[in-house]
Amino acid sequence: VLQEYLMNPMTYQGHKFDLRVWALVTSLDPLRVYLLGTGIPKVSQWNYSKAVEDVKEPCIHVLMPGTNECFQNKRANVLTPYPTRTNTQEWFDKVIPSGRDFWTQRAWPSVEWRVVELLVLARDAILHVDHQLKRNGLRYKRVFFLSPDIL
């Protein structure tokens, strides 16, 4: 994965996070996607730092709970309770930039767009396989779940 490094990411209580989102795709032609209305956050257990020496520090970046070396380090700042959804008032209050309006009108629509963008980019390759199966006489109902992680 190659992506731009964001020096000012959104944070949750000062911790960097990414989101697991769930989508049900029932058709690619026409595109029909149903997105679960909340993300499942994966939050780093260390406070985010812009310091040069921390850029390659994996514990500052997102790791799922259970990464023992990050939890046992003296820099760990373990979140309790750990957030489980992005559609709660607690999430709106503790994410920076904060507020329900920011999350529902800017951040979440951006997540939705990234899911659609991913599907549009992958559409031709998926339809190619679909058409190949149909040419070989296979009939099936295509439904698939998509669960990308979004930073």
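No lab work stands behind these numbers, since they all come straight from the coordinates. For clarity, every value in this text was computed on a predicted model and none was experimentally measured. Note that we place each Cβ from the backbone using ideal geometry, even for glycine, and neighbour counts take in every protein chain shown.
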Next on the checklist: Please give the charge dipole size of segment 65-151, origin at the Cα centre, charges +1 on K and R Cβ atoms and -1 on D and E Cβ atoms. Round to the nearest 20 debye.
Outcome noted: 360
Item to check | Residue among Trp91, Leu121, Ala107 farthest towards the positive dipole end of segment 35-128, charges placed on Cβ | outcome: Trp91
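Pairs of Cα atoms under 8 Å, at least six residues apart: use those to get the relative contact order of segment 32-151, whole percent.
On the way: 72 pairs, mean separation 24.1, N = 120.
This gives 20 percent for segment 32-151.
Mean residue ellipticity at 222 nm from the helices of the chain, using -39,500 (n - 2.57) per DSSP H segment of n ≥ 4 over the full residue count, to the nearest 500 deg cm²/dmol?
-8000 deg cm²/dmol
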Checklist entry - So what's the angle, to the nearest 10 degrees on a 0 to 90 scale, between helix 108-135 and the longest Cα principal axis of the chain? => result 30
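For segment 1-95, with only Lys/Arg (+1) and Asp/Glu (-1) charged at the beta-carbon, what is the dipole magnitude about the Cα centre, in debye rounded to 20?
140
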